[in-house]
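Everything on this sheet refers to the single structure shown next.
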Amino acid sequence: MSDSVTPGGVPGDAGEGTRAVRAGLPEPVKYEPTLPGPVFAAHYHLPGEPTGPYTYGRDENPTWTRLERAIGELEAPGRDDVETLAFASGMAAISALLFSQLRSGDTVVLPGDGYQALPLVRAQLEAYGIEVRTAPTGGDAQLDALDGARLLWIESPSNPGLDVCDIRRLADAAHARGALVAVDNTLATPLGQRPLALGADFSVASGTKQLTGHGDILLGYVTGRAGEAMTAVRRWRKIVGAIPGPMEAWLAHRSIATLQLRVDRQAASALAVAEALRSRPEVTGLRYPGLRDDPAHEVAARQMRRFGCVVSFTLPTRARAERFLEALRLVDDATSFGGVRSTAERRGRWGGDAVPEGFVRLSVGAEDPEDLVADVLRALGESAP
Ligand SMILES: *Cc1c(COP(=O)(O)O)cnc(C)c1O
């Protein structure tokens with residue numbers, strides 16, 4: 001195989017859509033499907049010495065292998081020194097990285113405004129004797145917390161506040177102090193941002209959101225340079241058993257074929273919705289990194305290739321936000337984000353996020369943008385005052 005051809009047979013200079021549709025595909029075999037179906041196996045035929053690769057179902061599965069190659073080809077195109085491990089959920093991947101890399105006495109820097117389960121993770125890390133520092137994502141505030149840290153955890157754009165930090169700048173500063181750097185790439189997806197190319201050691205994400213995009217499976221992954229650290233992540237997966245089901249892994253791989261179509265469509269529509277919201281007097285705190293005057297736009301434009309599908313904003317009161325969500329017809333009131341069907345929710349209903357009562361996180365799906373904009377504006381009107 002020549003150097004300029006990736007494992008799926010895709011030329012090294014192919015576009016992202018081409019890479020997405022072919023990512024992780026095996027070499028063609030006559031009479032076999034293009035993407036072989038899920039392999040359901042707790043164990044494999046294994047006469048003699050157990051040299052692998054496929055021995056027992058908690059260690060390895062060929063359906064995961066293909067998915068992991070696909071994700072790796074998008075997170076780190078053209079690099080064959082990088083390895084990806086699939087997990088049962090985003091939290092399984094996040095926990096695997098943190099708990100396999102950190103020891104009692106280590107210090108980790110987390111974002112203070114990240115995913116809502118991070119405070120639970122923090123409590124568990126502290127119970128194991130790991131010091132946890134937090135700082136906000138915006139303004140690269142984590143820079144001031146790095147002295148003596150073993151690991152820096154970045155979430156950019158942050159969920160749900162959509163702040164962005166300069167990943168390259170933070171990674172350089174962390175590496176200068178001997179710390180490892182992980183980026184939660186859930187919101188951006190590998191087509192929106194490539195943390196490894198920006199200097200991070202690991203890209204970690206929930207595949208439950210836009211990567212798979214249909215709101216029907218949970219999945220997670222860690223991508224990093226093959227070596228000691230990834231070996232420890234793999235060992236953690238084996239010990240804890242937080243493995244994806246073969247059916248989920250196969251559905252995820254199938255979904256990645258449309259990733260570029262979905263992220264382009266959803267990002268364009270999210271921008272249209274954000275621009276429509278900006279003209280409304282009852283909307284404050286509007287955030288979308290793709291808006292030219294968004295506080296995060298300048299940094300985002302430097303390190304992101306697409307700005308995602310999530311728009312956040314605040315309505316004057318909790319009651320107004322509830323009426324707005326109820327009045328929407330094309331947007332389901334539901335948590336999570338990134339799916340082909342638009343969803344929105346009042347984040348304050350969960351507690352945990354430091355957001356106003358009227359704060360709404362809206363995930364823009366693959367519907368026609370004119371229909372969505374009309375639905376959102378109509379619902380705003382009907383929910384007045
Ligand atoms: C949803 C989410 C997670 C957790 O993923 P699960 O698949 O729900 O376990 C982690 N980080 C971010 C930014 C998320 O949005």
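Here is a list: Ala249, Ala242. Which entry is in a helix (DSSP H, G or I) and surrounded by 18 or more Cβ atoms within 10 Å (Cβ to Cβ)?
Values: Ala242 fails: in a helix (DSSP H, G or I).
On inspection, the qualifying residue turns out to be Ala249.
Give me the residue from segment 310-362 that is of a type in the set (Asp, Glu) and within 16 Å of the ligand (Cβ to nearest atom) and, out of that set, surrounded by the most Cβ atoms within 10 Å (Cβ to Cβ). Full working, then the answer.
To start, the set of residues in segment 310-362 that are of a type in the set (Asp, Glu) comprises 322, 326, 332-333, 345, 353, 357.
Those left that are additionally within 16 Å of the ligand (Cβ to nearest atom): 345, 353.
Numbers: Glu345: 22, Asp353: 19.
For segment 310-362, the residue satisfying everything is Glu345.
Would you be able to tell me the number of residues in segment 15-34 that are in a loop (DSSP other than H, G, I, E, B) and either surrounded by fewer than 17 Cβ atoms within 10 Å (Cβ to Cβ) or among the β-branched types (Val, Ile, Thr) (or both)?
Residues of segment 15-34 that are in a loop (DSSP other than H, G, I, E, B), as a first pass: 15, 23-34.
Of the ones still in play, those that are also either surrounded by fewer than 17 Cβ atoms within 10 Å (Cβ to Cβ) or among the β-branched types (Val, Ile, Thr) (or both) are 15, 27-34.
Number satisfying all stated conditions: 9.
Of the residues Ala145, Ala96, which single one is within 16 Å of the ligand (Cβ to nearest atom) and hydrophobic (A, V, I, L, M, F, W, C)? Before you say what the answer is, go through the steps one by one.
Working: Ala145 fails: within 16 Å of the ligand (Cβ to nearest atom).
Of Ala145, Ala96, the one residue that is within 16 Å of the ligand (Cβ to nearest atom) and hydrophobic (A, V, I, L, M, F, W, C) is Ala96.
Quick one: Thr84 ticks every box in (1) more than 16 Å from the ligand (Cβ to nearest atom); (2) part of a strand (DSSP E or B) except a single one, so which number is it?
(1)
Give me a count of the residues in segment 307-355 that are closer than 19 Å to Val164 by Cα and assigned to a loop (DSSP other than H, G, I, E, B).
Of the residues in that region, 8 qualify.
Only residues that are under 22 Å from the mean Cα position of the chain (by Cα), surrounded by fewer than 18 Cβ atoms within 10 Å (Cβ to Cβ) and more than 18 Å from Ala179 (Cα to Cα): list them for segment 125-169, please.
Result: Pro136, Gly139.
Listed residues Gln116, Gln101; which is touching a strand residue (DSSP E or B) at 6+ places or on another chain (Cβ under 8 Å), in contact (Cβ under 8 Å) with a residue 60 or more places away in the chain and either assigned by TED's automatic domain parsing to the domain that holds Ala226 or farther than 27 Å from Thr335 by Cα (or both)?
Values: Gln116 fails: touching a strand residue (DSSP E or B) at 6+ places or on another chain (Cβ under 8 Å).
When all the criteria are applied, what remains is Gln101.
Give me the pairs: first residue in segment 9-23 and more than 22 Å from Thr212 (Cβ to Cβ) and not assigned by TED's automatic domain parsing to the domain that holds Arg69, second residue assigned to a loop (DSSP other than H, G, I, E, B) and charged (D, E, K, R), beta-carbon distance under 8 Å, and six or more apart or on different chains, which are they?
Going by the 8 Å Cβ cut-off, the qualifying pairs are Gly9/Glu27; Gly12/Asp3.
How many residues does segment 234-257 contain that are within 16 Å of the ligand (Cβ to nearest atom) and either under 18 Å from the mean Cα position of the chain (by Cα) or small (Gly, Ala, Ser) (or both)?
11
The values are calculated or read from the model by the stated rules, or taken from the named source; none is laboratory data. None of these values were measured; they are calculated from a predicted model. In this analysis, Cβ positions are derived from the backbone assuming ideal geometry, glycine residues included, and neighbour counts consider all displayed protein chains.
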